[in-house]
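The values are calculated or read from the model by the stated rules, or taken from the named source; none is laboratory data. Keep in mind that what you see is a predicted model, and the values were worked out from it rather than measured. Positions of Cβ are backbone-derived with ideal geometry, glycine not excepted, and every protein chain shown enters the neighbour counts. Quick note on the areas: whole protein, heavy atoms, side chains included, nothing else; ligands and nucleic acids left out. Shrake-Rupley method; radii C 1.70, N 1.55, O 1.52, S 1.80 Å.
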Amino acid sequence: MSSKPEQKETHQANGAVLPIVPVNCLTSPDRGQLVEPSDFLGPDGDGVEVVVLESRANAKGVREEDALLENGSQSNESDDTSTDRGPEPASPLKETSFSIGLQVLFPFLLAGFGTVAAGMVLDIVQHWDVFKYVTEVFILVPALLGLKGNLEMTLASRLSTAANIGQMDTPKELWRMITGNMALIQVQATVVGFLASIAAVVFGWIPDGHFSIDHAVLLCASSVATAFIASLVLGMIMIGVIIGSRKMGINPDNVATPIAASLGDLITLALLSGISWGLYKELESKAYVNPLVCAFFIALLPIWIIIAKKNAATREVLYSGWEPVIIAMAISSVGGLILDRTVSDPNFAGMAVFTPVINGVGGNLVAVQASRISTYLHMSGMPGESSETAPRKCPSPCSTFFSSDVNSRSARVLFLLVVPGHLVFLYTISSMQGGHTTLTLIFIVFYMTAALLQVLILLYIADWMVHWMWGRDLDPDNFSIPYLTALGDLIGTGLLALSFHILWLIGDRDSDVGD
């Protein structure tokens, strides 16, 4: 890195050899005290000009630390602009509970209406022939809807952190991050989509003992095609959202993951329904279409792998990022098995329309919290480094929800959004006459209890999991969100099914089931 030409001329005119000192060398290890000016005096006691070079690690911490640490002692004036990485982004305002809520509210509502739309679509397509005769498609629903949590939300969190710490400030860095991450999620989407179809076949075969090779190939083609196309579309949208957020001075952590979820559920479910229906229609007359579709998308894998391997930002995830997405897919598939067993039962009328809503809202809120905590930790160092901000012990509920730090404040804000958000979404479903069910007071009470308990559990697990992974040299952006959204699917579906069962036992559902 070189200084400006004017500086070079001045240095030569002074006839002195000037020290080149990084910014983080001017401070003590805790960055709280500057080195004394006398340390940089010339031989005759005269002052010597010092060229200050800002190190990349220090730049990322100083630039965005005040955005998350409201009472931080760092001054934004310590940022040096003599770098070749382009203009510094505007430093965002310090975040209060009100500012967090204001930034999260609109994306949260948008995401919620996306899940409502997905629920309405599922309520309609559950009566299609492909869903009646190939019921394993229901097992694919949470797995593929959760795929946006495994891939798109992880992508959004990863890019949000990169934007916040200054790794997307120049066009060259931006293009490198885009190409590498888009290729990476295509690899992950194809592989996870294929594995999700295998899980659906296995979970569908175990209870009934019936196996059809034609249905298995249909599930494989539908799952892989849906995962690939949905990831491509949503990945491009995410990149646009994060770039736009930075230019508008909004913290991408607050808006990127909910917007990914808002369109993710609807687009993924619409694609799954349309593709599976079309392939089912071709099953009898053109049986070769299904295996041809599988072969086409799998044949593209080597291209995406080569592109992702060439990018240093995604190479590590390409090798080590499989465990969370695969385990998360298996967890979501268990939730899909619950949905498959309950959606056709008249006593569980309404499960189809409410399941995407409760799962989507819980997953959206916990993804925002996990992304924020991850960014907070990245500003203190690198994964695995010992830090007071990354405790290894399991946190207490009081420290998670009632402490004074910014992450606890955001947890309270996100938790308080659950009831008003779900009331809006329930009213929307009721006004559109979805779910073949009437909303009674006791149903709303049980539904809200399940939703609050789900989010409470998820936010607590997020606080523990992100810090735990950080302390074990795992990047939470790549590892935490898949587990959390999958747990949200399983917990949400299980609690909702339990609520419907209790309501059926006490007789509340008998008079509410429509035609």
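Provide, as a two-decimal number, the C-alpha radius of gyration of region 436-498 over 2.2 N^0.38 Å, N being how many residues it has.
Ratio of Cα Rg to 2.2 N^0.38 Å: 1.42.
Return the carbon/sulfur percentage of the accessible area of region 128-344, one whole number, probe 1.4 Å, all protein chains in place.
Looking at region 128-344 in its full context, I get 71 percent from C and S.
Counting each pair of different Cα atoms once, what's the Kirkwood radius of region 266-326 in Å, rounded to one decimal?
14.3 Å
If amide H atoms are built 1.01 Å from N in the plane of the peptide, which residues on other chains or at least 5 residues away come under 5 Å of the amide H of ASP405?
When sequence neighbours closer than 5 places are left aside, there are no close amide H contacts.
In the neighborhood of GLU284, defined by Cβ-to-Cβ distances under 14 Å, what is the net charge if each Lys or Arg adds +1 and each Asp or Glu adds -1?
Cβ neighbours under 14 Å give a net charge of -1.
Where in region 118-182 are there GluC sites (Glu not before Pro) that are in a DSSP coil and have at most 16 other Cβ atoms within 10 angstrom of their Cβ?
none
Once you wrap a convex hull around the alpha carbon atoms of region 291-386, what is its projected area averaged over all directions, in nm²?
Reported value for the Cα convex hull: 9.9 nm².
Report the accessible area of LYS309, computed with a 1.4 Å probe over the heavy atoms of all protein chains in place, in Å² rounded to the nearest 10.
For LYS309, solvent-accessible area is about 90 Å².
Normalised by the empirical 2.2 N^0.38 Å for globular proteins, what value does the Cα Rg of region 201-325 take?
Compared with the compact-globule rule of thumb, region 201-325 sits at 1.32.
With every protein chain present, what is the per residue accessible area of region 300-367 (1.4 Å probe, Å²)?
36 Å²
May I have the pair-distance distribution P(r) for region 239-398, computed from all Cα-Cα distances with 5 Å bins from 0 and rounded to whole percent?
1, 6, 8, 12, 16, 18, 15, 10, 7, 4, 2, 1, 0
Within a Cβ distance under 11 Å of LEU218, other residues only, what is the Lys/Arg minus Asp/Glu net charge?
After counting each charged neighbour, the total is -2.
Report, to one decimal in Å, the Kirkwood hydrodynamic radius for region 392-499 based on all distinct Cα pairs.
Evaluated on region 392-499, it is 15.5 Å.
Test of the criteria: in region 322-429, which chymotrypsin sites (Phe, Trp or Tyr not before Pro) are in a DSSP loop and have at most 15 other Cβ atoms within 10 angstrom of their Cβ?
Loop-located and lightly packed - PHE402.
How large is the convex hull of the C-alpha atoms of region 101-183 per residue, in Å³?
Spelled out: Cα convex hull of region 101-183, divided by residues, is 123 Å³.
Residue by residue through region 281-288, what is 3J(HN,Hα) from phi via Karplus (6.51 cos²θ - 1.76 cosθ + 1.60, θ = phi - 60°)? Round to whole Hz and write x for glycine and proline.
5, 8, 5, 7, 8, 10, 5, 6
Based on Cβ point charges of +1 for Lys and Arg and -1 for Asp and Glu, what charge dipole magnitude is obtained for region 128-344 about its Cα centre, in debye rounded to the nearest 20?
The dipole magnitude comes to about 660 debye.
Taking 25 °C and 0.890 mPa s as the conditions, I'd like the Stokes-Einstein D for region 128-344 in µm²/s, using the Kirkwood hydrodynamic radius from alpha carbon pairs.
Diffusion coefficient, whole number: 138 µm²/s.
For the cross-link pairs LYS132/LYS286; LYS247/LYS309; LYS281/LYS310, which exceed 32 Å when the distance is taken from alpha carbon to alpha carbon?
Violating the 32 Å Cα-Cα cut-off are LYS281/LYS310.
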